[in-house]
Amino acid sequence: MKVSVVVATCARPDMFFNMIRSLYATTEGYDIEIVSVIDETEKAITWITEYIIPKNWVLDFSSVRRGALAAWNRGLQISTGDIIVPAGDDQIFHPDWLDYALESHEKQLNGYGVVGMNDLAYDGNKQLATMYLMDRQFIKDHLGGVLCPPVYHYYNVDSEINAKSKLLGKFYWDERAKVEHLHSAHGKRPVDIHDLERQESNWMEIDRQIFEDRKARGFPIEWSSLI
């Protein structure tokens, strides 16, 4: 079974490098496809080609910034895996995360649905799983063939996927599967240009209102599938 890890990154080449290094170190023996969608950051491409030997690597680069949600959707569009793992550049994959997540996907969800993974900040049952793994068929059937509903600016994509999969009875929280989120809100990295842009644009409140409206309407599919 092929696993596509879809990574969106922009202007964080060093964090991206550390994230990829942790991914390689924790997925040995698996059929992994790394789909890297890179905006603006040519340095990231330089070290990919000079310092590592890409294996099953799919690279999509744009000198013009597309934004995180568009990048994740582009990554899904060019991926080929049966299992999809959306990822960011500010993450660290801990040992055995994929073993646990795939085990839960098969045994707890019968191979169909969303496994919430432990970002070391939130409880996916009581709060929110910001990291997750899911199968391509579930994405087609229930997410409208996208990773990120193209109605949001940045926030609440995870909220919608959590809420929808829980309503369908197709969500399982696996505390053992640790994919740490190095977010500034948790004091794990400095505030950067991306954080400041989102704050200044008030996207958190705007997207919250969009989420509440969509939730009240049953999370309708209002876009075309990419896969």
Just the Kirkwood number for segment 2-216, please: inverse of mean 1/r across all distinct Cα pairs, in Å, one decimal. 17.4
Pull up the cross-link candidates among the aspartates and glutamates for Lys107, meaning alpha carbon to alpha carbon under 17 Å and not fewer than 8 places away within one chain. Asp82, Asp96, Asp99, Asp135, Asp174, Glu175
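Answer rounded, prolate or oblate for segment 104-150, using the Cα gyration tensor with square roots of eigenvalues a ≥ b ≥ c: rounded when a/c is under 1.5, else prolate when a/b is larger than b/c, else oblate.
Details: a/c = 2.70, a/b = 1.29, b/c = 2.09.
In terms of gyration-tensor shape, oblate.
Just order 145-152, 205-212 by mean Cβ neighbour count inside 10 Å, highest at the front, would you?
Descending packing order for the listed peptides: 145-152, 205-212.
Here, each number is a calculation from the coordinates, and none is a lab measurement. Being a predicted model, the structure only gives us computed values, none of them experimental. Positions of Cβ are backbone-derived with ideal geometry, glycine not excepted, and every protein chain shown enters the neighbour counts.
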